[in-house]
Amino acid sequence: MTGSCGKTTSTEAVCVVSAAISCDAGFLQQIRSLKFNGTVHSIFDRTVNLKCRTNGELYTIATDSVDNAPNTLVTDIDSFSKRGLVIGDEVYAEGERLYVGKNAAVMLQQVHVWRSKLPSYPEDEDILRNHVAEAQLWIEAHGKAGGMKRSAETGNSFDQEMDRLLRERSAGLLEALSKGEVSLASHYAIQLIGLGPGLTPSGDDFLVGLYAVMNLTNGPLFKIRHMCERVVAASADRSNPISYMALKKAASGQVRESIGEFMHHMIHGSKTEVISRLSRVLGTGSTSGTDIALGLVNGLKLSIERNGR
C-alpha cells in the first residue's frame, strides 16, 4: 500500500504505508499522545528497533510473523529488508500514524490493543506438577542445545568455560532462591546477565523466564519479586540494549504473548495445549526459546518445591 508521508515533492520517493495489526497498550498510548519521538536503533528482517528520546527505552515494529510483546507494534509488513530504512532515521508520531524515516509510515486506525498478562499461581498444584514434568521431557527432546541446555558436543575451551559458568551461576541462583537468600540470589542473577552467545545472551533469556514465574500473583516467589527489578537496575551495562529491555520488562511481569500463553496452559490447560505453546516458545530465536523455557520450567519447579516444605 502506498500513500503520502506528510508533505512531499515530485522528486521525493513515494511513501510506503503499512497497517498496524496489534500494539502494546503502553506503546500505543505513547504514539496517540504524540509523545513518541526517537530514531531507528537497529534493523533486522522481522523487526526494527526504535530508541525513544522521551524515556530512553527501546520499542519494536515487527512483521506479522512475530508475536505480541511489550513495547511492540505488529504490522502487516512481511519483511523489513529492502525497505530503505537506515539506522539513525527519525521516528515520530503524528495523528494516527507512526512515521519511520522519510519513506515509511504505519497506520493505527484499526489496531488491536494488546496487554501482557500472566496467570495467578494455582491453589491446587496437581495439574502444574504434571505439566512441569512433561515440559522438562519435551525440552530435553526438542530444545536447542548450546545455551542453557548442555550440548552433547565437547566444543572448544571457550564454549566449555561458558557452559560451566552458565550452569554454575544458574544452579547457584536457584539454590539461593530455594533458601530465600535474596542477596545471594541477586549476586548470581547479576553474574548471569550478558553471559552466553547470541543477540540475547543465554543468561538473560533464562532470567526472562524465571522473572515471569517470580511475578505470578500468589506464587511462592511473588513476595521476593522486587529482586528482579533491583538486579536489572544494577546491570544496565552488562548486556546489549535489546536484551536489557526484555529483562527490564520481564522484571515487572511483562513478557511476550507466547510466554504468557504457555504459562496459562501450564496452570489451566491440557498436555496437548502445553506442548503446543511450549513448541512456540522453543521456536524463538536460536537458543533463546530453549533458554527462556528452561527459566520458566525451573522457576515453576522451584515454586512447587517451596510450597511443599
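Throughout, read-outs are computed from the coordinates displayed, never taken from laboratory work. Fair warning: this is a prediction, and the values are worked out from it, not measured in the lab. Counting neighbours? That spans all protein chains shown, and the Cβs are built from the backbone with ideal geometry, glycine included.
With +1 on the Cβ of every Lys and Arg and -1 on the Cβ of every Asp and Glu, and nothing else charged, how large is the dipole of the stretch 138-280 about its Cα centre, in debye rounded to the nearest 20? Please list the in-between numbers first.
Numbers: 17 positive and 15 negative charges, 67 e Å.
The calculated dipole for the stretch 138-280 is roughly 320 debye.
Do me a favour and compute the ellipsoid semi-axes for the chain from its Cα gyration tensor, root of five times each eigenvalue, largest one first, whole Å.
Numbers: eigenvalues 268, 84, 66 Å².
In descending order the semi-axes read 37, 20, 18 Å.
At q = 0.09, 0.17, 0.18 Å⁻¹, what log₁₀ I(q)/I(0) does the stretch 126-307 have when each alpha carbon counts as one equal point scatterer in the Debye sum?
With no solvent term, the Cα-only Debye profile gives -0.27, -1.04, -1.17.
If the reach is capped at under 19 angstrom between alpha carbons, list the aspartates and glutamates near LYS179, excluding any in the same chain fewer than eight residues apart.
Answer for LYS179, where 19 Å is the Cα cut-off: GLU168, GLU305, listed by chain and number.
Once every DSSP H run of n ≥ 4 in the chain is given -39500 (n - 2.57) and the sum is divided by its residues, what mean residue ellipticity at 222 nm do you get, rounded to the nearest 500 deg cm²/dmol? Display every interim value, and only then the final one.
Details: 10 runs with 134 residues, N = 309.
Using -39500 (n - 2.57) per qualifying helix, the result is -14000 deg cm²/dmol.
For the charge dipole of the stretch 126-307, defined by +1 on Lys and Arg C-beta atoms and -1 on Asp and Glu C-beta atoms about the Cα centroid, which residue among SER235, VAL213, MET162 has the Cα displaced farthest towards the positive pole?
Checking the options against the dipole of the stretch 126-307, the answer is VAL213.
To the nearest Å, what is the center-to-center distance of the stretch 65-122 and the stretch 256-286, using C-alpha atoms only?
With the stretch 65-122 and the stretch 256-286 each reduced to a Cα centre, they are spaced 23 Å.
So for the stretch 203-308, Kirkwood radius off the Cα pairs, Stokes-Einstein at 4 °C and 1.567 mPa s: how many µm² s⁻¹? It would help to have the intermediate numbers written out before the result.
Numbers: Rh = 13.8 Å.
Rounded to a whole number, D works out at 94 µm²/s.
Test of understanding: ordering CYS23, CYS228 by Cβ neighbours within 10 Å, fewest first, what list do you get?
Values: CYS23 27, CYS228 24.
Ascending number of Cβ neighbours within 10 Å: CYS228, CYS23.
How large is Rg/Rh for the stretch 1-150, to two decimals, with Cα atoms and a Kirkwood Rh? It would help to have the intermediate numbers written out before the result.
On the way: Rg = 19.4 Å, Rh = 17.5 Å.
When Rh is taken as the Kirkwood radius, the ratio is 1.11.
Note down the relative contact order for the stretch 174-309 as a percent, whole number, built from C-alpha pairs under 8 angstrom at least six residues apart.
Numbers: 170 pairs, mean separation 42.7, N = 136.
Result for the stretch 174-309 is 31 percent.
Give the distance, in whole Å, between the Cα centre of the stretch 22-58 and the Cα centre of the stretch 201-235.
So the separation of the two Cα centres works out to 24 Å.
Report the extension gain between SER286 and LEU199 in nm, rounded to one decimal, defined as 0.36 nm multiplied by the number of residues separating them, less their alpha carbon distance. Don't skip to the end; give the middle numbers.
Values: separation 87, 0.36 × 87 = 31.32 nm, distance 0.95 nm.
Extending this stretch completely gives an extra 30.4 nm.
Measure nothing but the geometry: give the 0 to 90° angle between the long axis through the Cα atoms of 241-251 and the longest principal axis through the Cα atoms of the chain, rounded to 10°.
With both axes taken from Cα atoms, the answer is about 60 degrees.
For the stretch 74-137, just run the numbers: alpha carbon Rg, then divide by 2.2 N^0.38 Å, N being how many residues it has.
Details: Rg = 20.9 Å, N = 64, 2.2 N^0.38 = 10.7 Å.
Working it through for the stretch 74-137, the quotient is 1.95.
R0 = 45 Å: FRET efficiency of LEU184 with GLU273, Cβ-based, nearest 0.05? Could the numbers behind the result be given before it?
Numbers: r = 36 Å, r/R0 = 0.81.
With R0 = 45 Å, the Cβ-Cβ based efficiency is 0.80.
How do 160-168, 82-90 rank on mean C-beta neighbours within 10 Å, highest first? Provide the component values of the computation, followed by the final result.
Working: 160-168: 15.1, 82-90: 13.2.
In descending order of packing, they fall as 160-168, 82-90.
Step through the residues of the stretch 35-48 one at a time and calculate ³J(HN,Hα) from phi using the Karplus curve (6.51 cos²θ - 1.76 cosθ + 1.60, θ = phi - 60°), rounding each to whole Hz and writing x for Gly and Pro.
9, 7, 8, x, 9, 6, 8, 7, 10, 10, 5, 9, 9, 10
So, by mean Cβ neighbours within 10 angstrom, what's the order for 173-182, 66-75 with the highest one leading? Can you show the working numbers first?
Details: 173-182: 17.3, 66-75: 22.4.
Output ranking for 173-182, 66-75: 66-75, 173-182.
What nm distance separates the two modelled labels at GLU96 and GLN109, each placed 7 Å from Cα along Cα→Cβ?
A separation of 0.5 nm, rounded to one decimal place.
Within the stretch 177-221, name every residue whose backbone N is under 15 Å away from a label modeled 7 Å from Cα of ARG129 along the Cβ vector.
none
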